[in-house]
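Here is the structure we will look at.
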């Protein structure tokens, strides 16, 4: 079993409204092919979402709205086991969202390093799922994602390349639908 960590915003989801930020928790749509790409890993990988949520600290959304947003993402992507998010600019706080619970992981040795490009959320996910860097990959769309992966000592794949890698399967699914 391996661990696939995926960034959320710009990698597998985007605002349905077309705005820069999600206007409400359900203002989300799946980036074309992201759901199919994730489904190819469901049998042999633990799949976990990783996301900075500075919109909470910036006042664009409440903490509760952020939790609801992540829970809706878990509905959109049943392959995701859970989502880790950092709501503050200092990287001190980290919350793990599952389909039914919110877990506070802010008081760990990674506090102060949760916000990407810090590697805290990635390291916490590896420890929680008993995975080593060699069995872990992080997919993202920003330089902060790549830096976080490098700092955690794990492989990184750019979201565009990752989706392109799965184009044949995505096309087959589109033909069936």
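Between residue 26 and residue 99, the FRET efficiency from the beta-carbon distance, with R0 = 25 Å, is close to 0.95. Spin-label model, residue 167 to residue 89: label points 7 Å out along the Cα-to-beta-carbon direction sit 4.0 nm apart. Take the Cα of residue 132, step 7 Å toward its Cβ, do the same at residue 158, and the gap between the two points is 3.0 nm.
Inter-label distance, residue 147 to residue 62: 3.3 nm, where each label sits 7 Å from its Cα along the C-beta direction. I need the shape label for the stretch 1-54. Rule: rounded when a/c is under 1.5, else prolate if a/b > b/c, else oblate, with a, b, c from the alpha carbon gyration tensor. Since a/c reaches 1.5 and a/b is larger than b/c, the shape of the stretch 1-54 is classed as prolate. Shape class for the stretch 27-101, computed from the alpha carbon gyration tensor (a ≥ b ≥ c): prolate, with a/c not under 1.5 and a/b above b/c.
For the chain, DSSP calls about 30 percent of its internal beta bridges antiparallel.
Here the sum of -39500 (n - 2.57) over DSSP H runs of 4 or more residues, divided by the residues of the chain, equals -9500 deg cm²/dmol at 222 nm, to the nearest 500. Taking Cα extents along the principal axes in Å straight from the coordinates, which label in (1) 53, 32, 27; (2) 93, 32, 19; (3) 47, 38, 30 is the correct one? The calculated read-out lines up with (3). Listed peptides 154-164, 1-11 appear in the order 1-11, 154-164 once ranked by packing, highest mean of other Cβ atoms within 10 Å at the front.
Largest GNM mean-square fluctuation across 31, 83, 47, computed for the chain with C-alpha springs under 10 Å, falls on 31. Put simply, when 91-100, 48-57 are sorted by average Cβ atoms within 10 angstrom per residue, most first, you get 48-57, 91-100.
Once each part is reduced to its C-alpha centroid, what is the distance from the stretch 53-76 to the stretch 90-117 in angstrom? A separation of 14 Å, based on Cα centres.
The numbers here are math on the coordinates, done by the rules we state, and not lab data. Everything quoted here is computed from the prediction, not taken from an experiment. Ideal geometry is used to build each Cβ from the backbone, glycine not excepted, and the neighbour counts take in all protein chains shown.
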